[in-house]
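So the structure is just underneath, and the comments pick up after that.
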Amino acid sequence: MVVAEPHSYFVLDETLALIDFVMKGGSLLLIGNHHNTSRYYSYGCNEILNVISSPFGMRFNDDGVVFYGENVIQKFGDHPVCADVELLHYWRGCSITLLRQKRKYVAEGVAFGSRHDVSEVYRREPIVAALYEKNGKVFCLGDSSAWSDPDTEVEDDNFAFAQNVMEWVLKNNLKPE
């Protein structure tokens with residue numbers, strides 16, 4: 001199931017159904033927006049997503065990642081979603097905070113800025129993608145721009161990253177009811 005830049009809050013029953021869906025083995029892909037700004041009436045989409053992502057240890061921040069040089073991510077975690085990914089263009093986007101948890105399985109970052117990149121939350125190495133994996137799966141991406149076509153032709157691994165994420169999300173996934 002994909003929730004991208006939502007523009008209205010879910011009612012309590014919908015929120016609980018999404019959380020229950022993941023806890024029973026389902027997969028959820030959440031996409032935020034830079035500075036929590038409006039796009040297609042998506043006012044406050046990061047706060048809306050946080051209601052769903054926070055129980056899984058991830059929070060979309062109300063910021064934008066500012067790159068020291070080009071808008072590229074070249075630091076990735078050791079996870080199948082990052083296989084064969086060496087360079088990811090990230091034109092805009094918020095950072096993601098991993099929340100402190102006492103559980104055995106916690107969220108982990110999988111794509112990071114460099115030590116020179118910053119955001120209003122991170123002084124260095126902002127997290128732009130994170131995931132949770134236990135019974136079900138949750139993948140969080142700070143902005144849809146990483147999966148959109150650039151204005152000019154660029155050499156990057158954005159398509160491979162998107163494909164890896166989709167394959168990971170769909171592997172052994174429950175169908176939503």
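Looking at the stretch 46-53, can you tell me whether even one residue there is touching a His at 6+ places or on another chain (Cβ under 7 Å), of a type outside the set (Asp, Glu), buried (at least 16 other Cβ atoms within 10 Å of the Cβ) and outside any loop (DSSP other than H, G, I, E, B)? Among the residues of the stretch 46-53, not one is touching a His at 6+ places or on another chain (Cβ under 7 Å), of a type outside the set (Asp, Glu), buried (at least 16 other Cβ atoms within 10 Å of the Cβ) and outside any loop (DSSP other than H, G, I, E, B), which makes the answer no.
Check whether at least one residue in the stretch 119-133 is touching a Phe, Trp or Tyr at 6+ places or on another chain (Cβ under 9 Å), over 17 Å from Phe60 (Cβ atoms), charged (D, E, K, R) and at pLDDT 80 or above, and report yes or no. For the stretch 119-133, residues touching a Phe, Trp or Tyr at 6+ places or on another chain (Cβ under 9 Å), over 17 Å from Phe60 (Cβ atoms), charged (D, E, K, R) and at pLDDT 80 or above: present.
When each of Val110, Val165 is tested for being modelled with pLDDT of 85 or more, aliphatic (A, V, I, L, M) and outside any strand (DSSP E or B), the lone residue that passes is Val165.
A quick yes/no check of all residues on (1) part of a strand (DSSP E or B); (2) in contact with a Pro (Cβ under 8 Å, 6 or more places away or on another chain); (3) crowded, with 17+ Cβ neighbours inside 10 Å:
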residue: Pro55; (1), (2), (3): no, no, yes
residue: Arg59; (1), (2), (3): yes, no, yes
residue: Gly64; (1), (2), (3): no, no, yes
residue: Val81; (1), (2), (3): no, no, yes
residue: Glu86; (1), (2), (3): no, no, no
residue: Arg92; (1), (2), (3): no, no, yes
residue: Thr97; (1), (2), (3): yes, no, yes
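The values are calculated or read from the model by the stated rules, or taken from the named source; none is laboratory data. Everything numeric here is computed off the predicted structure, so don't read it as measured data. For neighbour counting, all protein chains shown are included, and Cβ atoms are generated from backbone atoms with ideal geometry for every residue, glycine included.
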